[in-house]
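Shown next, in structure tokens, is the structure this report addresses.
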Amino acid sequence: MAIAVPALVAPGQGERVDWRLAAPLGLVYLGLFAGPLLLLIGISFFEDSELAKPGLASWRRFWGDAFYRGVVVDTLRLGLLTVAATTLLAYPLGLVFCASGPRVQKALIFIILLPLLTSVVIRTFAWIVILAREGVINNTLIALGLTSTPLKLLQTELGLVMALTQIELPLMLLPLLTVMRQIDPNLIDASRALGASRWRTFFRVLLPLSIPGWIAGATLVFASACTAFISQSVIGGASLVYLPALIWQQSMVVYHWPFAAVAAVTLLVSVLAGISLFGALERAARTR
Amino acid sequence: MFQRTTPSDISYAVVLRLLAGLGVLILVGPVLIVLITSFTTSAALKFPPPDLSVRWYVELFDRTRSAHIHTAAGNTLWVASVATGLGTLMAVMAALSIARVNRPAARALEASFLSPLILPTLAYGLASLMLFALLGFRPSLYHLVLGHLVVISPFVFRTTLASLTQLDPSLLESSASLGASRFYTFRRITLPIIAPGVAAGAFLAFIASIDNVPVSLFLSNARTSMLPIRMWGMMESTLDVRVAAISGVLIAVILILMIVMDRLVGLTRRMGV
């Protein structure tokens, strides 16, 4: 009886991929995901907005101009700054989470999920109210007597990183919490019993063990912060230009598709490069 | 295990609590600020508001004065419902096709089906616009459904695959050995067990479609306007306080849905935590 079973098991539970079941989503992805992305790459190799003259001019114009190279650097720096800021807040929250009882844990998960499920547009809107000249932060600072003139926070990189930290923090927390929860508490007790301080225990035991969760979180935060069009354009304003705004402006305002395609492929490749860098970090940490 | 509390331990506890407190504040604060601001009497976005009223909610629900917002909300709901329905069906099938298969082909399929979660979907939004435009299609809600389908299916795929991995294969084997057909086994054994995972994924996919910016930004226009894009327009031009009222409605709806979904399918457990 048992020998005949593998041939009879339910769809997909066998040893082989059931291509009939994979086909619908697979074909949709081929036609509507891979197809358009290949088309995007193709269009970037045209020189004019009528798509009549193939050539490298759009690529040359993009990479030959210091302004556009600066936009790429700024976009990646924004991603990295957001990863750094979310890391700084996510670890303490993770430690408190692991040390709490089930009720507090459940409350914390709701606190993390609520902003995640709230539209990015709403969260960006909230930060306008917070960062404005007469916003929450400036009013608080003035009330405390820490400053007499309101600080300029909107349309600055600092304000944008603050907003993105809140917007992306749940993406860092969810994978990090999953991994931190699985760390054996005995290891921490052992480290403490052997005389290590709490700081040393954190940096030598907890931090290395939680790296896989951090990598997963950092990847999501980095990709999301680099492409956060609404937050970048509303909080960054016209003075701070990032790749998503450039893509939007070139395609929907200027209608120069090849140039927009060059910017979009550049965004795609640089985010992927950033992600593989995080992956390499993980491998390096594992072999160490 | 009993050690003296050293200054280093105290500094650790202080830094930990300060940063964790700041983390909670930064997560919750903005949501609360939006909610409170939405009840302002003023036409300016000041916090704290000078006085409280439901003025902007009345304005928001006024059929004539907020007609364009109502149209956008209707479009958004329609696209999200259709895309979630189609996406759930196809993602569940795709997850079934590779569950418990340990071959390179299965790993490759899994990675491709999850890729829209990591790839910058903004580039994809532009790419899909180019495809539809070159094929000569005029922008319509159907194209938005197709665009959303690609970016929201991974949510269902991921939770369904996770539920399938936890499914005990001996259940399927005994069902089969008792003579049940493959489809009967799926309907009576597999589906009831994975249903909560599928539902949680569908919920996340639905929310992702409602909130979607990168694809709607390129595929929607004045006729097929979508709510997040409309709200962005309202924020860019006049800082209309109705944006706060829309946010208030959306936050309330999401909060209720979250609590319902958590009761029904254990949403919080399925978010990986």
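Rule-based calculations on the coordinates, nothing more; no lab input. Since this is a predicted model, take the numbers as computed values, not measurements. Please note: Cβ atoms are built from the backbone with ideal geometry, for glycine as well, and neighbour counts cover all protein chains shown.
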Item to complete: Would you tally the net charge around B:Ile189, using a Cβ to Cβ cut-off of less than 13 Å, leaving B:Ile189 out, and scoring K and R as +1, D and E as -1?
Response: +1
Practice prompt. Could you please report the charge total around B:Leu96, scoring K, R as +1 and D, E as -1 over all other residues with beta-carbon less than 13 angstrom from its beta-carbon?
Written response: +3
Discussion item. Please compute the modelled spin-label separation between A:Phe45 and A:Leu144, points set 7 Å along Cα→Cβ, answer in nm with one decimal.
Written reply: 5.7 nm
Practice prompt. Kindly point out which whole DSSP H helices in chain A project their C-alpha atoms 18 angstrom or further along the helix axis while averaging a Kyte-Doolittle hydropathy of 0.0 or above.
Written response: A:66-99, A:102-117, A:157-182, A:207-226, A:257-287
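Taking the Cβ of each residue in B:Tyr12, B:Tyr142, B:Tyr124 as the centre, tally the other Cβ atoms inside 10 Å and list the residues starting with the fewest.
B:Tyr142, B:Tyr12, B:Tyr124
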Discussion item. With only alpha-carbon pairs counted, each pair once and no self-pairs, how large is the Kirkwood hydrodynamic radius of the stretch A:167-245 in angstroms?
Written reply: 14.7 Å
Worksheet item: Quick one: net charge of A:Val120's neighbours, Cβ under 12 Å, K/R +1, D/E -1?
Response: -1
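Under 1.5 on a/c is rounded, so check that first for the stretch A:118-254, then, if it is not, pick prolate when a/b is larger than b/c and oblate when it is not; a ≥ b ≥ c are the square roots of the alpha carbon gyration tensor eigenvalues.
Oblate is the answer for the stretch A:118-254, as a/c is 1.5 or above yet b/c matches or exceeds a/b.
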Response to the item:
Taking placed amide H atoms and a strict 5 Å upper bound, the residues 5 or more places from A:Phe46 or on another chain that come that close are A:Gly55
Discussion item. Helix check for chain B. Which DSSP H runs span at least 30 Å along their own axis by Cα, with a mean Kyte-Doolittle hydropathy no less than 0.0?
Written reply: B:7-37, B:67-98, B:141-165, B:242-265
Item to complete: Rank the residues A:Met172, A:Met162 as a footprinting-exposure proxy: fewest other Cβ atoms within 10 Å of their Cβ go first.
Response: A:Met162, A:Met172
Response to the item:
Partner lysines whose C-alpha sits under 21 Å from that of A:Lys152, ignoring same-chain residues fewer than 8 away, are B:Lys46
Item to complete: Note down the Stokes-Einstein diffusion coefficient of chain A in µm²/s, whole number, using a Kirkwood radius over alpha carbon pairs, 20 °C, and 1.002 mPa s.
Response: 95 µm²/s
Practice prompt. Could you work out the mean count of beta carbons from other protein chains within 10 Å of each residue's beta carbon in A:243-256?
Written response: 3
Worksheet entry | Largest to smallest principal axis extent of the C-alpha atoms in the stretch A:29-187, angstrom | 64, 49, 29
Practice prompt. Taking every pair of alpha-carbon atoms in the stretch A:61-115, give the share separated by more than 18 Å as a whole percent.
Written response: 55 percent
Response to the item:
Computed on Cα atoms, Rg of the protein assembly as shown relative to 2.2 N^0.38 Å comes out at 1.02
Discussion item. Please list, in order, the residues from the stretch A:206-220 whose amide nitrogen is less than 20 Å from a point placed 7 Å along the Cα→Cβ vector of A:Asn186.
Written reply: A:206-210
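Among rounded, prolate and oblate, which fits the stretch B:13-144 when a ≥ b ≥ c are the square roots of the eigenvalues of its C-alpha gyration tensor, a/c under 1.5 means rounded, and a/b larger than b/c means prolate?
Note, shape of the stretch B:13-144 comes out oblate.
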Worksheet item: For the stretch A:9-114, which GluC sites (Glu not before Pro) are in a loop by DSSP, counting at most 16 other Cβ atoms within 10 Å?
Response: A:Glu15, A:Glu50
Practice prompt. Fewest Cβ neighbours within 10 Å first, please rank A:Phe97, B:Phe47, A:Phe125 accordingly.
Written response: B:Phe47, A:Phe97, A:Phe125
Discussion item. Taking each pair of distinct Cα atoms in the stretch B:140-264 once, what is the resulting Kirkwood hydrodynamic radius in Å?
Written reply: 17.4 Å
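Over all alpha-carbon pairs in the stretch B:51-271, figure out the percentage whose distance exceeds 30 Å.
35 percent
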Item to complete: Over the whole of A:38-47, what's the average partner chain Cβ count within 10 Å per residue? Rounded to a whole number, please.
Response: 2
Item to complete: Report, by chain and number, residues whose modeled amide H sits under 5 Å from the one on B:Thr40, excluding near sequence neighbours (fewer than 5 apart, same chain).
Response: B:Ser53
